[in-house]
Amino acid sequence: MLVELFTSAFCGPCRGARAVLTEVERLVPAAQLEEVDVAGDVERARAAGVTGTPTVVVRTDDGAEVFRSRGVPTLAQALAAVARAA
C-alpha cells in the first residue's frame, strides 16, 4: 500500500503529519510512505486533487484511494486507513 503525504516547505502541521506517518511506516512494514512537496511536483499534487497541506492519501496496491485527510491525522486514523488498504 502507498501512503502519500503532500507537504509544503513552510507548513508547520506537515511536521506533525510526517511524525504520525513515520510511526505508521514503522508499525506496518507493508506501508510505503512517499512525501511529495507540492511546489516541487505540482502536476502530481494537481492530479491527486490536493488543495492544501498537509494532505494524506492512502492507496491500495492497485492504486485505489481508500483514505484522504487534510490536516494531521491521528495515529489511530492512519492505522485504520492502512488496514483498509491492506
Candidates Thr51, Thr22, Thr60, ranked by Gaussian network fluctuation over the chain, Cα under 10 Å, top entry: Thr51
Nearest-ten-degree value, helix 12-27 long axis tilted from longest Cα axis of the chain: 20
Under-5 Å amide H pairs with Thr55, H placed in peptide plane, nonlocal only: Phe6, Gly71
Most mobile listed residue (Gly16, Gly71, Gly63) in the chain, GNM with C-alpha springs under 10 Å: Gly63
Relative contact order computed over the chain (Cα-Cα under 8 Å; 6+ residues apart), in percent: 39
Among Ala31, Ala76, Ala48, residue whose mean-square fluctuation peaks in a GNM of the chain (springs only between Cα atoms under 10 Å): Ala76
Equivalent ellipsoid semi-axes - Cα gyration tensor, region 2-85, angstrom: 19, 15, 10
Coil-residue chymotrypsin sites (Phe, Trp or Tyr not before Pro) of the chain, DSSP, other Cβ within 10 Å capped at 12: Phe10
Contour excess over end-to-end distance, with Cα ends at Glu23 and Asp41 and 0.36 nm allotted per residue: 4.0 nm
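A short reminder: the numbers here are calculations on the coordinates, not readings from a lab. Everything numeric here is computed off the predicted structure, so don't read it as measured data. Reconstructed Cβ throughout: ideal geometry from the backbone, glycine too, with neighbour counts over all protein chains shown.
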